[in-house]
Amino acid sequence: MASTADRLKQLISENLEVDGKPVGDLGDLNVSLSSLGVSSVDIVAFGRLVVKEFNLPLTPEDCVQIETLQALVDRIDG
Amino acid sequence: MMPNRVAWWFRYRIIENIRIYKVDAADVGGRENDALRWLDQGELERWHDFALPDSKRRFALCRAALRSILCDHLGCANSELSFGEAEKGKPFAMVGGKRVEVGFNVSHSGDHGLIAVGDYDNLGVDIEIRRRRRDLDLLVPTVMSLSEQTHFDSVTEDGMKHDLFFDFWTVKEAVLKAIGVGMSKFEPSEIEVPLEIRDGQRSCLANFPPIGASTWRIEILSTLEYAAALAFIVDDARK
Ligand SMILES: CC(C)(COP(=O)(O)OP(=O)(O)OC[C@H]1O[C@@H](n2cnc3c(N)ncnc32)[C@H](O)[C@@H]1OP(=O)(O)O)[C@@H](O)C(=O)NCCC(=O)NCCS
């Protein structure tokens, strides 16, 4: 079974876009979506995917508190 | 005013004393370097941290334009101007380290930026380039209320559905940016686009009960290329 980090990386490489262009493969998950330049509409869309993929409840407030993608992995695993 | 080159922003509308500026954030030789000269240390660090060149450029060009516009508006030098952040990240202006009473908000998407500046504290703008999304089915139930979804479902042409999505989104986000919470406090579906706007009007007064009893004005600034909206409170029932 793939690790949460690998599943999240795959979700990102298949879905996450900036200006309609794929973000591509992320080596390091210690980044925030805003430092990648992801817009709020894409953050909301990505949030929905995470909810579906990991069956994880995620409120708008959670999205703000989870600052980096690594923090999201920790939250999913926690 | 920036030295040597023609400014990449211009004022194009005034609505109730709110000045609205368009920023051309396209990659035009040398502009980004000019812009960087206007940013302070913290802003340069932010610029550095953006992972993608387009995001860097958009931030630098919009922030430098904002600085120039606010310096004119407040009658201060660029070196005296700095920004603080409210709890959820909405920036406010400071001159000589002291907060000043000016309302402003910035939005950028693709090669476009919008800046609104005025005496209203609670003002918000949002702009989104219209582009085809593969995930509308996923987004619509999160972003739209049931009555908005009924309106959306009544539109059959695919391109119009995409347009409508962005038109609705920018109104909601402009409202949430005006009160400074962005997408952090309310689900976008809780902020319902006023019926007048859904019916095609480009300006109306509105109420958003989940936020409070205040009266708002909504202005649509959209073009064929992008959806955009301005929202501000005209009568603040919260005070
Ligand atoms: C901040 C936020 C409003 C930006 O939206 P966006 O569509 O990606 O970006 P826009 O171009 O419209 O706006 C960016 C500008 O808004 C301003 N801004 C930042 N935080 C803001 C806030 N809380 N309220 C109003 N304006 C804000 C800034 O000036 C920023 O410009 P800058 O990059 O020059 O600093 C949005 O991402 C948000 O709500 N974030 C916080 C919560 C979050 O991430 N939620 C995700 C839910 S799953």
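Per-residue shielding of B:48-56, expressed as the average number of other chain Cβ atoms within 10 Å of the residue Cβ, stands at 5. Bridgeable lysines around B:LYS90 (alpha carbons under 18 Å apart, same-chain partners fewer than 8 residues away excluded): B:LYS98, B:LYS172, B:LYS177, B:LYS185.
The charge dipole of chain B, taken about its Cα centre with unit charges on the Cβ atoms of Lys, Arg (+1), Asp and Glu (-1) only, comes to about 600 debye.
Computed on the Cα atoms alone, the convex hull of chain A gives a volume of 87 cubic angstrom per residue. Centroid-to-centroid, using Cα positions, the range A:7-25 and the range B:159-218 are 28 Å apart. Placing one equal scatterer on every Cα of chain B and applying the Debye formula, the log10 ratio I(q)/I(0) at q = 0.08, 0.09, 0.11 Å⁻¹ is -0.31, -0.39, -0.58. Find the Rg to Rh ratio for the protein assembly as shown, where Rh is the Kirkwood radius over alpha-carbon pairs and Rg uses the same atoms. Here the Rg-to-Rh quotient is 0.95.
Mean per-residue shielding of peptide A:32-40 is 6, counting Cβ atoms of other chains within 10 Å of each Cβ. The relative contact order of the range B:125-237 comes to 32 percent, based on Cα pairs under 8 Å that sit 6 or more residues apart. Work through the residues other than B:PHE50 whose Cβ is under 10 Å from its Cβ and net out their charges, Lys, Arg +1 and Asp, Glu -1. With Lys, Arg at +1 and Asp, Glu at -1, the net is +2. Structural descriptor for the range B:9-120: relative contact order 30 percent, calculated from alpha carbon pairs under 8 angstrom and at least 6 residues apart.
Once you order the gyration tensor axes a ≥ b ≥ c over the Cα atoms, which shape class does the range B:125-237 get: rounded for a/c under 1.5, otherwise prolate or oblate by comparing a/b with b/c? Prolate, since a/c reaches 1.5 and a/b exceeds b/c. Each Lys and Arg adds +1 at its Cβ and each Asp and Glu adds -1 at its Cβ; summed about the Cα centre, the protein assembly as shown shows a dipole of about 680 debye. P(r) tail, the range B:1-115: Cα-Cα pairs separated by more than 25 Å, 16% of all pairs.
The numbers here are math on the coordinates, done by the rules we state, and not lab data. Fair warning: this is a prediction, and the values are worked out from it, not measured in the lab. Cβ coordinates were reconstructed from backbone atoms using ideal geometry, including for glycine residues, and neighbour counts include every protein chain displayed.
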